[in-house]
1. Report yes if some residue within the range 401-409 is over 28 Å from Asn232 (Cβ atoms) and in contact (Cβ under 8 Å) with a residue 60 or more places away in the chain; otherwise report no.
2. Would you mind telling me which numbered condition in (1) assigned to a helix (DSSP H, G or I); (2) near the ligand (Cβ under 8 Å from one of its atoms); (3) crowded, with 20+ Cβ neighbours inside 10 Å Gly220 fails?
3. In the range 199-216, which residues are within 20 Å of the chain's Cα centre (by Cα), touching a residue at least 12 places away in the same chain (Cβ under 8 Å) and either in a loop (DSSP other than H, G, I, E, B) or near the ligand (Cβ under 8 Å from one of its atoms) (or both)?
4. Return the residues of the range 416-430 that are touching a residue at least 60 places away in the same chain (Cβ under 8 Å) and either within 12 Å of the ligand (Cβ to nearest atom) or of a type in the set (Val, Ile, Thr) (or both); say none if nothing qualifies.
5. Looking at the range 162-189, which of the residues that are charged (D, E, K, R) and closer than 17 Å to Ile134 by Cβ is farthest from the ligand (Cβ to nearest atom)?
6. Quick one: is Lys234 outside any loop (DSSP other than H, G, I, E, B) and of a type in the set (D, E, K, R)?
7. At least 3 residues that are more than 29 Å from the chain's Cα centre (by Cα) and within 30 Å of Cys79 (Cα to Cα) in each: list the helices (runs of 4 or more DSSP H) lying fully within the range 365-464 that qualify.
8. Looking at (1) farther than 25 Å from Ala377 by Cα; (2) modelled with pLDDT of 95 or more, find the lone condition where Ile329 falls short.
Amino acid sequence: MEVPTTFGGDDAAEMVTELRRNFLSGKTRSYEWRVAQLKNIVKFVEERETEIVDALRSDLNKPEFESVLFEISLLKSSCKVALKELKQWMKPEKVKTTLLAFPSSAEIVAEPLGVVLIISAWNYPILLSLDPVIGAIAAGNAVVLKPSEISPVTSSLLAKYVGQYLDSSAVRVVEGAVPETSALLEQKWDKIFYTGNAKVARVVMTAAAKYLTPVVLELGGKSPAVVDPDVNLKIAVRRIIAGKWGNNNGQACISPDYIVTTRDFAPKLVDTLKRELDRFYGKEPLQSPDLSRIVNSNHFDRLARLLDEDKVAGKIVYGGQRDKAHLKIAPTLLLDVPQDSQIMNEEIFGPLLPIIMVDKLEECYEIIMSRTKPLAAYLFTNRNNLKDQFVRTVSAGGLVINDSAIHLAVHGLPFGGVDESGMGSYHGKFSFDAFSHKKAVLYRSFLGDAPARYPPYTRGKMRL
Ligand code: NAD
């Protein structure tokens, strides 16, 4: 009988040693090497688009539209921004010096960290794997990517093609689940970039502490959408639907997790949501080709438990249909869900959307701030004073006024969490920075040496 080969501690140690040797050879530092790799990522997604779409369909029943728009196109535009800006990002940044160091000049030099580990999640398995790789490569590092085993077809597609398209002496993919990831985490890395849930993030951070390895943690949380009665309701509702169900059927870190609105306005909001959901996904949403399925039966059961909790059972005002055999759950609205229900106390990460009613909209702050800080928070309103108040009051990884989830596509904005939604950020230049060390360099000449700084110390010298 053939014994299956697994990736263990020795394999991980050997691989890191080899990558470190190749990193130290200096090959990953050159502008040309970085550009060649980035161009090959574009080439990979362009040449293999059909296979990528098929893999995502197989892992998640992800609609082609979402795969192309949110995984392939976003990745390509990330690469293109890096290719366009890289020379500028790599340039040392001149800074002013002080009188004490006169005469001198100073600059900040961005240098690669070394060999970095990227552990990614299953819900956007192409984008969340390769987008951080773009940052790592742009910054000149050697990199190991560990895609999620929960999206196995995409994971093996990445393993197959990263080796073909990128320089395998410096970029590797290791497939696997907890044992393989644990073997990787035992090694000394120069940075660990983790995307996933906060529980595993603690495992990652504990492993990183052994070598004082810096980490970026891209996590999740309960991202609220606050809807003011003074709003363009139809557009607001369409944008909530796009951010929630149009994002992997709610299985996205930045999809709206719950809505807060006023008691008086809630019936109108619910009616509009129902009407637009009917229009988008039809009367038989389980048959809609435009909704991803739930990724696996564990997550299906978890979502079913949230719906079946006694406190929640009578609160469904729309949807609720499910099909375990095909892992499908329809877009579901729940009205007036108690704050102490399970669904209001864990990240939903699926197609269920509770709506919380308050007497005054300002009560939303108490609801949002009584929880850990979310990855995103959304406000829909026409009122400028409310926009200002929301931006000043709500702490979250990112805020969007009058839309949801779309900030992810703006390269000039850092994407990352705060508190339990994560630490560190990436996208655009922030990705380059996440994988660089900003080295302080001060240049002095032998001119203008000031005797006053040397012993013997005297009172007179002290006052100079
Ligand atoms: P997951 O199950 O794919 O896990 C993420 C990674 O952690 C995988 O590569 C997995 O192999 C690894 N892992 C799991 N258990 C481990 C362990 N015990 N030790 C070491 N590694 C382990 O993904 P998930 O955690 O279910 O992802 C969903 C969560 O991720 C949600 O909370 C979501 O909000 C968050 N998320 C955040 C972002 C972001 O960009 N901020 C993006 C997507 C998902």
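The values are calculated or read from the model by the stated rules, or taken from the named source; none is laboratory data. Being a predicted model, the structure only gives us computed values, none of them experimental. Here the Cβ positions follow ideal geometry from the backbone for every residue, glycine too, while neighbour counts run over all protein chains shown.
1. Checked against the condition, which is being over 28 Å from Asn232 (Cβ atoms) and in contact (Cβ under 8 Å) with a residue 60 or more places away in the chain, the range 401-409 yields no hits at all.
2. (1)
3. Val203, Val204, Thr213, Pro214
4. Gly416, Gly417, Glu420, Ser421, Gly422, Met423, Gly424, Ser425, Tyr426, His427
5. Among them, the one singled out is Asp167.
6. yes
7. none
8. In the conditions (1) farther than 25 Å from Ala377 by Cα; (2) modelled with pLDDT of 95 or more, Ile329 misses (1) alone.
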